[in-house]
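Peer 1: Next up is a structure, given as structure tokens.
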Amino acid sequence: MFSFLHKKIIFIFLIYSLFIIGGCGGSGTTARVFNQITTERDEIECPEISIIKNLDSYSKKNRDGELSYIVRFNSVSWECFIEFSDQPSLLETALNEEAYSEDNFLITISMNLSFKISTGENITTESIESFPYLIVLVDEKDNIIVKKKLDYSFKNISVMDTFILEEDKINIRIPNIDIDEKNARLLIGFINR
């Protein structure tokens, strides 16, 4: 039926096809792996973090004025690193030059937050709730370098008195500014409406 040569060609074609399909992978996966391999990234000293005075909790009341829930920070972890961006600046693009300058560096603060939510006794229905909070990076003179306002939504379950919610990793990227524990602070707090 099939000659040895014909079987060999089919076998090579199948192996080659599997190699191509496996090598391409998903575009997001391939791009992420390529970016991790080619990005220069060095860990640096992080600024200290503190909770803004009087913004350490968020409370929500129902229509009758009774407490629905209170949110507090449960845990905060962070790391800082500096990355070299191989994207040319507008000036470099206009002049058709490649330069390895400090303008190509970005500082990233990567944070993980978790929140502790305590519910009141008078919750009777499940509902989608949300609370706003902010992250601010300030310099030694309390000038704002970066400010991020965020909103976290969750499903309020009436049977739980206290539960913990984890926020996805939050990345704050800033141009190459000298930040460390001596000349910058990272502040977090809740925005009470």
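Peer 1: Scanning the stretch 165-180 for residues that are modelled with pLDDT of 85 or more and β-branched (Val, Ile, Thr), which turns out surrounded by the fewest Cβ atoms within 10 Å (Cβ to Cβ)?
Peer 2: Ile170
Peer 1: Answer yes or no: is there a residue in the stretch 146-158 that is modelled with pLDDT under 75 and part of a loop (DSSP other than H, G, I, E, B).
Peer 2: Taking every residue of the stretch 146-158 in turn, at least one turns out to be modelled with pLDDT under 75 and part of a loop (DSSP other than H, G, I, E, B).
Peer 1: Could you tell me how many of the residues in the stretch 40-55 are surrounded by 13 or more Cβ atoms within 10 Å (Cβ to Cβ) and in a loop (DSSP other than H, G, I, E, B)?
Peer 2: 4
Peer 1: Give the number of residues within the stretch 136-145 that are surrounded by 12 or more Cβ atoms within 10 Å (Cβ to Cβ) and either in a loop (DSSP other than H, G, I, E, B) or in contact with a Leu (Cβ under 7 Å, 6 or more places away or on another chain) (or both).
Peer 2: Final tally of qualifying residues: 4.
The values are calculated or read from the model by the stated rules, or taken from the named source; none is laboratory data. The structure displayed is predicted, hence computed values, not measured ones. Don't worry about glycine lacking a Cβ; one is built from the backbone with ideal geometry, like all the others, and counts go over all protein chains shown.
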